[in-house]
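The values are calculated or read from the model by the stated rules, or taken from the named source; none is laboratory data. Quick caveat: nothing in here was measured; it's all calculated off a predicted structure. Using ideal geometry, Cβ is built from the backbone for each residue, glycine included, and neighbour counts are taken over all protein chains shown. The protein model used for the area step is the full one, side chains on, heavy atoms only, and it has no ligands, DNA or RNA in it. Shrake-Rupley method; radii C 1.70, N 1.55, O 1.52, S 1.80 Å.
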Amino acid sequence: MEFISLYYQFIKYFIKARMEYRISFFSGFFSNFYCYFITFLSFWVIVNNFGSIAGWTFEDLSLLYGLNLLTYALAGMFFWPVFRLETEVTSGNLDGYLIRPLGVIRHLMFKQFGDTFLGQVVVTLLFIVRALIKTDFPKPFYWYLFLILIIVSGALIQSAAMIFIGSLSFWMNRSSQLGDILYYDLRKFTEYPLSIFPDAIKIILSTVVPWALICYYPLLILLNKARTPFEWIMGGGAPLCACILFWLALVFFNKGLRRYSGSGS
């Protein structure tokens with residue numbers, strides 16, 4: 001609780017400092033807002049011309065892409081400096097974190113709050129809320145509870161991926177290129193229904209690099225699209241898998257930290 005209170009104060013003063021340069025703050029906000037707003041519109045254009053993508057309407061795709069983007073933004077707000085740990089390792093700045101009391105990951109979180117992700121959060125919420133209003137099937141109270149659980153578990157998976165990829169810097173020094181492939185290139189597949197891809201890609205995104213656990217399988221349950229026991233198990237078990245993956249990412253980070261011997265500078 002003490003850390004949460006301290007981190008809240010950090011965010012408050014970080015935003016206050018950023019607001020001293022309001023043009024810079026709002027330009028970053030609107031550039032992110034505009035970029036992803038156009039992406040949502042591209043889905044609308046596709047669906048408007050072809051009717052649907054494998055039976056997924058624009059509202060379904062808004063939830064699929066929106067939850068993917070929202071959980072990415074939430075994770076990025078807090079763990080972006082961990083994701084880019086490469087710069088701290090190669091510059092030698094990481095050495096200073098080793099002698100500080102809070103721990104390396106917490107100190108990296110204090111390095112920067114990802115305020116530029118706020119634009120993504122806002123545009124995503126707009127389309128998610130619109131999708132929820134437009135979908136006409138009954139949504140009982142537990143439906144919304146599971147939706148919230150998906151957001152939390154998805155953010156945990158995204159955070160775990162950022163920590164894992166950042167941890168590769170302990171072994172590779174320059175890990176950003178591999179990280180971009182694992183994180184951005186592969187994750188882009190889950191912006192569309194997994195059913196349109198070959199079986200090999202489905203297997204990779206469900207097991208090896210489980211991006212489909214972020215929102216695809218859970219949404220199959222929420223949107224009444226789950227048809228097989230495997231889809232029900234993957235969708236219902238996603239929150240538990242998220243906790244396990246986050247724990248494993250922390251273990252992997254600490255293992256890399258123990259072998260770290262300094263920058264040598």
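Brief remarks follow.
- Using a probe of 1.4 Å on the protein chains alone, the accessible area found for residue 185 is around 80 Å².
- Per residue value of the accessible surface for region 4-98 (all protein chains in place, 1.4 Å probe), Å²: 50 Å²
- Over the chain: helical MRE at 222 nm, DSSP H runs n ≥ 4 each giving -39500 (n - 2.57), nearest 500: -23000 deg cm²/dmol
- Distance between the modelled labels on residue 181 and residue 130, one decimal in nanometres: 3.7 nm (7 Å Cα→Cβ projection).
- Against the set [x] 33, 22, 17; [y] 48, 21, 20; [z] 25, 21, 19, the structure's computed semi-axes √(5λ) of the Cα gyration tensor in Å falls on [x].
- Distance (nanometres) between label positions extended 7 Å along Cα→Cβ at residue 15 and residue 148: 2.0 nm
- Set against the 2.2 N^0.38 Å expectation for a compact globular protein, region 161-200 has a Cα radius of gyration ratio of 1.43.
- Three-way shape call for region 132-196 based on the alpha-carbon gyration tensor, with the a/c threshold at 1.5: oblate
- Electrostatic dipole magnitude of region 1-160 [Cβ: Lys, Arg +1; Asp, Glu -1; Cα centre; debye, to 20]: 320 debye
- The chain, relative contact order [Cα under 8 Å, separation at least 6], %: 26 percent
- Per-q log10 I(q)/I(0), region 76-175, q = 0.10, 0.17, 0.24 Å⁻¹ (Debye; single scatterer per alpha-carbon; no solvent): -0.41, -0.85, -1.28
- Counting only alpha carbon atoms, the long axis of helix 22-50 and the longest principal axis of the chain meet at about 30°.
- The chain: angle of helix 58-83 to the longest principal axis, Cα-based, in degrees nearest 10: 10 degrees
- Rounded FRET efficiency, nearest 0.05, which uses the C-beta distance separating residue 224 from residue 141 and R0 of 25 Å: 0.90
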